[in-house]
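Participant: Mind having a look at this structure? Questions to follow.
What follows draws every value from the coordinates through simple rules; no lab data is involved. The structure displayed is predicted, hence computed values, not measured ones. Heads up, the Cβs are rebuilt from the backbone with ideal geometry, glycines too, and the neighbour counts pull from every protein chain shown.
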Amino acid sequence: MISSIRSQGGFIVSAGIAVITLAPVVFILASGMNADPEIWSHLQQHVLPALLKNTAVLVAGVVSITAALGVSLAWLTSFYEFRGRRLFEKWLIFPLAIPTYVMAFIYTGLLDYSGPVQTFVRTYAPDLAGAFPEIRSGGGAIMVISLAIFPYVFLMASSGFRSMGRSMVEASQSLGCGRLMTLFRVTLPMARPWIFGGLILVFMETLADFGAVSVFNYDTFTTGIYKAWYGLFSVNAAAQLASILVVIVLVIFAAESWMRRKQKFFNRGGHQPVQRKRLNGPGHFLASTFCGTVFLVSFVIPAVQLLFWTVKAFAVEFGTHYIRLVASTFFLGLMGTAVTLAVAVILSYSGRRMTDLKTGMAAKLSLSGYALPGTVLAVGMVHGVAWLDNRISGTMDLLGVQLPGTLLQGSLLLLPLCYMIRFLTVGYNPVFSHMTRLAPSIDEAARLMKVTGAALVSKIHLPLIRRGMVTGGILVLVEIFKEMPVTLMLRPFGWDTLAVKIYELTSEGEWERAALPAVTLVLAGMIPVAFLTFIGRNKTQDVPEG
Amino acid sequence: MKKTIAALMILFVFFSGRAMASPEELVVYSARKEHLIKDLFEKYEKEQGVKITYITGKAPVLLQRILSEGENTAADILLTVDAGNLWHAAEKEILVPVASPVLDRNIPDHYKDPDNRWFGLSVRARTIVYNTDRVKKEALDTYEALAGEDWKGRLLLRTSKKVYNQSLVAMFIETLGEDKTRSMVSGWVTNLAAPPYSSDTKVMEAIAAGQGDAGIVNTYYYGRLMKENPDLPLGIFWADQSANGVHVNVSGAGIVKYSRKVDQAVRFLEWLSEKDAQKIFADANMEFPVNQTVLPHEDVQKWGPFKASTVNLARAGELQARAVRLMDIEGYK
């Protein structure tokens with residue numbers, strides 16, 4: 001018995017985590033079973049076809065653009081030396097601090113018919129006025145969402161390129177491959193877990209997005225979910241639609257694991273960092289211009305616009321309550337990050353111990369929360385908790401104990417738990433990617449030195465994946481800062497965050513007043529993001545020799 | 001690291017206790033935004049000694065939260081910004097009927113539930129706004145007229161996903177019938193100068209910039225925008241004055257069935273329907289007081305008197321889902 005628990009430990013742990021993270025989904029599914037057939041047939045006939053097409057276009061567009069931007073920027077800054085490289089390497093992560101919905105209302109504000117750009121053109125060059133494409137369209141949504149989330153791919157791809165070490169690249173070149181051939185035959189394939197990890201984040205984030213697409217009034221699957229709920233008063237139909245999202249994500253996960261089956265991504269060579277090639281002439285100029293343009297459009301312009309609005313509305317909006325808002329944002333963020341990171345490490349660790357199919361499946365199942373719109377997840381959570389509370393108070397009544405009110409509902413505990421379910425994949429990816437670089441030979445070596453069990457984990461493994469943990473933790477923290485729907489629904493009284501404030505103001509169309517909480521949020525997000533840029537710079541590679 | 005974690009845990013345990021409402025406290029789940037209710041709630045506490053605790057969110061979400069929490073819910077009052085969600089809450093049987101002479105006196109019948117489960121507290125009018133440089137007032141008439149051929153390429157609308165438009169169309173199903181409403185919505189869609197916008201303010205900015213000539217918005221958005229930019233070439237037009245009158249909706253409240261303080265909650269609603277509170281409640285957002293003895297804000301009075309629709313707002317809730325389907329079918333995004 002004990003030995004079987006030992007040998008199945010990895011699976012049991014992964015399965016346990018999967019059960020917790022899937023519980024809200026199960027509660028949603030349970031309530032979605034009896035959706036009104038009339039509503040369902042209406043959705044099928046008049047709503048779903050267009051939604052599916054729109055969603056497919058949006059996801060394909062955002063994934064391709066973020067892949068192109070993220071990988072090319074990471075490749076340039078990892079393997080080449082040019083003016084500004086050191087700055088771009090850090091700065092290109094900054095857009096992560098701007099929530100997608102904020103990016104959306106900034107760019108629609110700037111580029112709409114009544115916005116400053118088109119107004120300027122109409123005044124000074126009326127001939128060109130007709131040439132503007134509509135920003136509130138599929139193309140506009142793809143562009144703006146990509147600008148807000150490409151840093152995921154950039155960050156993950158950079159991390160993959162750098163932890164690869166020099167030996168592989170040198171081997172390839174000594175065998176006669178040129179730089180480009182090396183890129184496509186060695187560098188990119190070796191960095192695939194990282195790039196895919198980044199792209200899967202992008203994929204799920206785009207699927208779940210509601211805030212940004214509703215600014216564009218671009219109908220996707222998520223807007224369909226809300227239409228069923230808010231407009232047709234059918235939570236059940238909404239739940240059924242949401243369950244389709246979960247299935248889509250699981251299919252993608254399955255495809256990804258199948259593609260990388262039996263491949264290993266660690267190497268046994270030395271790990272000196274890659275020698276950057278200095279660019280000259282036009283190449284130099286192009287590289288700097290490219291990085292600069294992306295940074296300008298994805299960060300400088302939105303930031304300037306926000307500051308401009310803030311100055312206009314500062315007097316109306318600012319007050320001492322901002323101290324409380326910032327404190328709540330940080331507190332909830334840190335709590336959520338602690339829980340998420342702990343679960344991410346446990347999950348990837350049990351995935352390393354056990355590499356069989358069922359453990360892998362359990363781990364993948366645990367990660368699907370990121371693709372669910374936050375509100376849907378929160379409803380499932382409230383359902384589940386209410387059910388649990390009733391069971392608890394029922395049992396207590398039987399035992400003759402009278403509880404004052406409820407135990408879990410309205411408790412602050414729910415938020416970190418729900419953040420964990422939603423953002424586990426964000427924290428898990430970097431941790432797990434670093435785990436794949438740990439060759440089994442490390443354990444063998446440790447065992448020879450009589451380092452086993454807990455000591456092996458705390459003395460050898462954890463330090464080696466520390467960078468992955470820090471990266472994951474920071475990404476999760478920034479995500480929680482920006483998170484709006486779950487916080488809106490589950491926060492106890494008095495726990496408003498900056499994101500909640502932004503929602504309150506933007507939903508009333510008060511863009512200018514919303515700029516102050518948005519700027520504060522961006523600044524708050526910059527703290528961890530800036531921190532992210534320091535790790536890895538002052539330190540040599542943590543990844544060990546094989 | 002370990003110390004940080006320990007400190008966080010202690011803080012967490014300290015904060016995590018469920019927010020227990022004290023006996024002298026009412027809890028409001030509010031879809032009305034914090035900056036529109038805060039001052040009023042604080043005034044009540046000062047005057048009556050009862051603290052009002054609130055949490056804001058979207059109405060359907062707050063409703064779902066009450067449904068899930070069931071009898072354990074902390075909510076005493078559900079406050080929304082449209083009648084549709086109140087109707088739905090009543091339909092789900094989470095609101096308790098209230099017999100109050102004060103509320104009956106202060107609130108006209110068509111602004112409250114026929115069974116007294118919810119009460120309007122401020123009135124919001126949804127009417128036509130036009131570009132004063134490009135449209136003569138005489139060219140405007142009803143909402144239906146905006147579907148006519150002479151409006152092709154000149155109309156701007158907000159998305160059909162906003163509950164205000166859903167209520168608007170629901171009321172037309174009530175007054176015009178489904179067929180006429182359908183052809184009106186289809187005409188609107190044909191006449192659009194640009195895809196529907198995500199907010200009323202955006203619609204008006206686009207009208208002012210000349211992308212289209214007229215649109216349909218809630219008047220307080222017009223009031224707010226004109227306060228910021230008094231020079232915009234925008235005018236307000238009271239629609240449908242020779243027939244049903246301007247479409248109106250309410251921001252209103254009902255008392256949650258599971259509340260243990262129904263009497264206190266009723267007193268609070270009564271207080272909200274009286275003169276002083278009505279003035280603050282409506283003026284905070286440039287709306288119209290539901291209590292007819294109270295005058296709206298001066299700036300709002302400048303828009304002139306108008307005839308408002310008197311169809312009971314419960315119908316808007318009842319017909320909302322039908323309205324949504326109709327708009328889906330007609331391609332109003």
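Participant: Can you tell me the order of A:242-251, A:337-346 when each peptide is scored by its average per-residue count of other Cβ atoms within 10 angstrom, highest first?
Facilitator: Top to bottom by mean Cβ count within 10 Å: A:337-346, A:242-251.
Participant: To the nearest whole number, what is the average tally of beta carbon atoms from other chains within 10 Å of the beta carbons of peptide B:48-60?
Facilitator: If you average over the peptide's residues, the count of other-chain Cβ atoms is 4.
Participant: A follow-up question, please. I want the antiparallel fraction of DSSP beta bridges within chain B, as a percent rounded to 5.
Facilitator: Here the share of antiparallel DSSP bridges comes out near 65 percent.
Participant: Rounded, prolate or oblate: which fits chain A, taking a ≥ b ≥ c as square roots of the Cα gyration tensor eigenvalues, rounded meaning a/c under 1.5, else prolate when a/b beats b/c?
Facilitator: oblate
Participant: Considering only B:257, B:136, B:152, give the residue with the highest GNM mean-square fluctuation for chain B, with springs between Cα atoms whenever their separation is below 10 Å.
Facilitator: B:136
Participant: Packing-wise, with mean Cβ within 10 Å as the measure, how do B:66-78, B:227-239, A:310-322, B:88-100 rank, highest first?
Facilitator: By packing density, highest mean first, the sequence is B:66-78, B:88-100, B:227-239, A:310-322.
Participant: Something else about it: Under 14 Å from the Cβ of residue A:379, count the other residues' Cβ atoms, weight Lys and Arg +1, Asp and Glu -1, and hand me the total.
Facilitator: Net local charge, residue A:379 excluded: +2.
Participant: What value, in deg cm²/dmol to 500, does the helix sum -39500 (n - 2.57) over DSSP H runs of n ≥ 4 give at 222 nm once divided by the residues of chain B?
Facilitator: Helix contribution divided over all residues of chain B: -12500 deg cm²/dmol.
Participant: Please give me the summed charge of the neighbours of residue A:279: other residues whose Cβ is under 11 Å from its Cβ, Lys and Arg +1, Asp and Glu -1.
Facilitator: Taking every Cβ under 11 Å from that of residue A:279, the sum is +4.
Participant: Sticking with this one: From the backbone phi of region B:138-146, what are the Karplus-calculated ³J(HN,Hα) couplings (6.51 cos²θ - 1.76 cosθ + 1.60, θ = phi - 60°) in whole Hz, Gly and Pro given as x?
Facilitator: Taking θ as phi minus 60°, the curve returns 5, 6, 9, 8, 10, 4, 5, 4, 5 Hz for region B:138-146.
Participant: In this model, which of B:202/B:279; B:51/B:275; B:112/B:257; B:58/B:227; B:33/B:161; B:307/B:333 are farther than 23 Å apart at the alpha-carbon?
Facilitator: Beyond 23 Å between Cα atoms: B:202/B:279; B:58/B:227; B:307/B:333.
Participant: Please label the shape of region B:269-321 as rounded, prolate or oblate, based on the square roots a ≥ b ≥ c of the eigenvalues of the alpha-carbon gyration tensor (a/c under 1.5 means rounded; beyond that, a/b larger than b/c means prolate, else oblate).
Facilitator: oblate
Participant: OK, next. Give me a comma-separated list of calculated 3J(HN,Hα) values for region A:432-445, in order, Karplus coefficients 6.51, -1.76, 1.60 applied at θ = phi - 60°, integers in Hz, x for any Gly or Pro.
Facilitator: 5, 4, 5, 4, 5, 7, 7, 5, x, 4, 4, 4, 4, 4
Participant: Quick one: putting +1 on the C-beta of Lys and Arg, -1 on the C-beta of Asp and Glu, what dipole do you get for the protein assembly as shown around its Cα centre, in Debye to the nearest 20?
Facilitator: Using only the charged Cβ atoms, the result is roughly 4440 debye.
Participant: While we're here: Select from B:166, B:118, B:97 the residue farthest towards the positive end of the dipole of region B:94-187; place +1 on Cβ of Lys and Arg, -1 on Cβ of Asp and Glu, and compute about the Cα centre.
Facilitator: My answer, from the dipole projection, is B:166.
Participant: Under the definition of partner shielding as Cβ atoms of other protein chains within 10 Å of a residue Cβ, what is the mean value for peptide B:30-38?
Facilitator: Mean shielding by partner chains, rounded to a whole number: 3.
Participant: Under a 5 Å amide H to amide H cut-off, with H placed in plane at 1.01 Å, what residues pair with residue B:160 once short-range neighbours are removed?
Facilitator: B:333
Participant: Shape verdict for region B:200-333, please, from the Cα gyration tensor: rounded (a/c under 1.5), prolate (a/b greater than b/c) or oblate.
Facilitator: oblate
Participant: To continue, here is another question. Nearest-5 percent of antiparallel DSSP beta bridges in the protein assembly as shown?
Facilitator: 60
Participant: Divide, for region A:17-137, the radius of gyration over alpha carbons by 2.2 N^0.38 Å, where N is the residue count.
Facilitator: 1.63
Participant: Hey, another quick one. With each run of n ≥ 4 DSSP H residues scored as -39500 (n - 2.57), what mean residue ellipticity at 222 nm is computed for chain A after dividing by its residue count and rounding to the nearest 500 deg cm²/dmol?
Facilitator: Per the formula, -22500 deg cm²/dmol.
Participant: Turning to a different aspect of this structure: If you plug each phi of region A:308-323 into the Karplus form 6.51 cos²θ - 1.76 cosθ + 1.60 with θ = phi - 60°, what whole-Hz ³J(HN,Hα) values come out, in order, with x for Gly and Pro?
Facilitator: The phi angles translate into 4, 5, 4, 4, 5, 10, 4, 4, 6, 9, 6, x, 5, 4, 5, 4 Hz.
Participant: Using a 10 Å cut-off on Cβ to Cβ distances, tally the other chain neighbours for every residue of A:503-510 and report the average as a whole number.
Facilitator: Taking all residues of A:503-510 together, the mean is 6.
Participant: Quick check for chain A: number of Lys pairs with alpha-carbon distance under 20 Å, counting only pairs 8 or more apart or on different chains?
Facilitator: Close lysine pairs found across chain A: 11.
Participant: Right, here's the next one. Would you mind counting up the charge near residue A:85? Only other residues with Cβ under 11 Å from its Cβ, with Lys and Arg at +1 and Asp and Glu at -1.
Facilitator: +3
Participant: Another question about this same structure. Order the peptides B:300-311, A:197-208, A:54-65 from the highest to the lowest mean number of other Cβ atoms within 10 Å of their residues.
Facilitator: My ranking of the peptides, most packed first, is A:197-208, A:54-65, B:300-311.
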